[in-house]
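Data first, discussion second: the structure below is written as structure tokens.
The values are calculated or read from the model by the stated rules, or taken from the named source; none is laboratory data. Predicted model only: the values in this text are computed from it and were never measured. No Cβ is skipped: glycine too gets one built from the backbone with ideal geometry, and neighbour counts run over all protein chains shown. Note: areas computed on protein heavy atoms with side chains; ligands, DNA, RNA excluded. Shrake-Rupley method; radii C 1.70, N 1.55, O 1.52, S 1.80 Å.
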Amino acid sequence: MDREFESIAVMDFGSQYSQLIARRVRELGVYAELFDCHKGVDPVRAAKPVGIILSGGPASVHEKDSPTINAEILDLGIPVLGICYGMQLMAQLSGGEVVPSPHREYGRREVELLHVADTPLDGLSGTLDTWMSHGDQIERLPDGFEQIGRSDTCPVAAMANRERHLYGVQFHPEVRHTPKGMDILRSFVFETCGASGYWTMDAFEEVMERRIREQVGSSRVIGGVSGGVDSSVMAALLASAIGEKFTALFVNNGLLRKNEQEEVAKALDEAGVKLEVVDASDRFLQALQGVVDPEDKRRKIGHTFIEVFDEVASQHSDADFLAQGTLYPDVIESTSFKGPSAVIKTHHNVGGLPEKMKLKLVEPLRELFKDEVRELGRKLGLPEALVGRHPFPGPGLAVRILGEVTAERLSVLREADAIFIEELRHAGWYDKVSQALAVLLPVKSVGVMGDARTYEHVIALRSVDTWDFMTADFSPLPHDLLGRVSTRIINEVKGVNRVVYDISSKPPATVEWE
Ligand code: XMP
């Protein structure tokens, strides 16, 4: 691992916010990365960070086997900030005492600031609005530490040992519910640790590419590209790092949007990625014959994908690695946040492939959030149309066709979807909403065209606004825009005589209809 970049090490004790801490530090212009506490102090020492942050965590320092770290982490001569569990651990490792608190504190709390000069809280005064989430608290400070903040129920809400540059806060400065939290992190990073703040996405790209080269040596790496943002950015990064040694496989499952294969190939070509395209649409359609249950569809699609990918990939017998565009939210979904998409995502992508193919994984985007990935994509030369694209589910249009997936129904949905997206773009709404899609319903309804009675398909339009896709509101699209879309779909898509707009929120509805 190379570390010519000034960095902050975030020691991860399992908090759902650990990566958010790293991300906030990166927002300040300093590279930050997570270290697994189980791997001990050595990797941190080797990284030569300018500062260390001990994250929060769900455990109690009293529990047997609770995550911990050797006390020498506090003696490296590097400033340390402990957050929540991290502060309690710091106190315990330094000889203080942590006890279960009589009142579990969860939510907003006011912290009264005491003598905060020369600490990361320097410059703040009076009381501080904070976000707390803890069951233990510090009963006795270790020698050399001073209480610098307290709340009604938590005597040591912040502590400092100025001489050793060790600081702790019981609250979470990384979350937005602590409005001055960024000031504290900024002060720790720049004043306490003396960082200069020159980290940029260019630097990240350079570090990542070098790490990829170190990891894979002269082996071939195979990666599945779906046309979504994550896998495209992963592919562009791999191609930039190892050139011809990266093979980008695009499996056309026949469940794609209109012109998708051509558009993806062209966009990736601009970023130096040559796609190896496999047309397996017939095979997927066959696998989906007679299947109506949504989870069955996902399973069939997932299995077929693995089969096809495996067949094609095994022709590249020199491949030792499989690259995936896993992002940080995908990682936490499987650990801390248990949103519905956690369950959903196990069914698609290439789950199961690495074991089956005995390939080692390369996941260069694991530390990034979606917007950081988009920024990296732009740096790598991917066109805006691809980088700013709405998410599209792995099982594609199959989960937007309620009932059986057939070639005819796919074609109806594909055309309707293309019209909706085109009109959204024309009206300047595409970038304002988070995800927009059309759904083909399993019912027919009566209509009239000319003088004749019709009995045809219904298309539902769905557009949502959301920050994290775990909750979402329907987008308040203008009626004239919806009217235009409806008229065009009914006139231009054969077999559709009715269009409706979905005005449900998530929860209780989901974004996709299946
Ligand atoms: P839901 O429907 O769960 O969707 O509200 C939330 C987000 O996840 C996407 N989604 C999927 N993505 N495979 C995927 O890769 C799936 O099976 C799947 N189902 C839903 C959905 O498009 C939305 O962005």
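Residue ranges 249-258, 406-415 sort as 249-258, 406-415 when ordered by packing (mean number of other C-beta atoms within 10 Å per residue, highest first).
Counting only protein heavy atoms and a probe of 1.4 Å, the accessible surface of segment 1-81 is 51% carbon and sulfur. Rounded to the nearest 0.05, the FRET efficiency derived from the C-beta distance between residue 408 and residue 42 at R0 = 56 Å is 0.35. The 3J(HN,Hα) values that the Karplus relation (6.51, -1.76, 1.60; θ = phi - 60°) gives for segment 313-318 are, in residue order, 5, 5, 6, 9, 5, 8 Hz. Gly and Pro appear as x. Residue ranking by accessible heavy-atom surface, 1.4 Å probe, largest first, among 196, 66 comes out as 196, 66.
Within the chain, DSSP assigns beta bridges of which about 50% are antiparallel (rounded to the nearest 5). Counting Lys and Arg as +1 and Asp and Glu as -1 over every other residue whose Cβ lies under 10 Å from the Cβ of residue 67, the net charge comes to -4.
Only aspartates and glutamates eight or more places from residue 506 in sequence, or on another chain, were considered; those with a Cα closer than 18 Å are 333, 465, 468, 473, 514.
Remark on residue 53: its backbone amide H falls under 5 Å from those of 9, 10, 11, 81, a criterion applied only to residues 5 or more positions apart or on other chains, H modelled at 1.01 Å from N.
Ranking of 297, 39 by solvent-accessible surface, largest first: 39, 297 (1.4 Å probe, protein heavy atoms only, all chains present).
Scalar couplings 3J(HN,Hα) for segment 464-471, obtained by applying the Karplus form with A = 6.51, B = -1.76, C = 1.60 to θ = phi - 60°, are 10, 10, 7, 9, 10, 6, 8, 10 Hz; x denotes Gly and Pro. Taking 7 Å steps out from each Cα toward its Cβ at residue 27 and residue 64 produces label points 4.1 nm apart. Taking every DSSP helix (H) stretch of at least 4 residues in the chain, weighting each as -39,500 (n - 2.57) and dividing the sum by the residue count yields a mean residue ellipticity at 222 nm of -9500 deg cm²/dmol.
Most tightly packed first, judged by the mean number of other beta-carbon atoms within 10 Å of their residues, the peptides 261-272, 8-19 read 8-19, 261-272. Here r is the Cβ-Cβ distance between residue 494 and residue 16 and R0 is 60 Å; the resulting FRET efficiency, rounded to 0.05, is 0.75. Listed by chain and number, the lysines whose alpha-carbon sits under 22 Å from that of residue 494, ignoring those within fewer than 8 places in the same chain, are 258, 444.
What lysines does residue 39 reach when the alpha-carbon gap must be under 26 Å and sequence neighbours fewer than 8 apart in one chain are set aside? Output for residue 39: 48, 64, 338, 358, 360.
The gain in end-to-end length when the residue 295 to residue 487 segment is fully stretched comes to 65.8 nm, 0.36 nm per residue minus the alpha carbon separation. Averaged per residue, the chain has 43 square angstrom of accessible surface, using a 1.4 angstrom probe with ligands and nucleic acids left out. Compute log10 of I(q)/I(0) for the chain with the Debye formula, placing one identical point scatterer on every Cα and leaving out solvent, at q = 0.07, 0.08, 0.09 Å⁻¹, to two decimals. Values, matching the q order: -0.47, -0.60, -0.74. Over the chain, what is the relative contact order in percent, taking alpha-carbon pairs closer than 8 angstrom and at least six residues apart? Reported as a whole number, the value is 10 percent.
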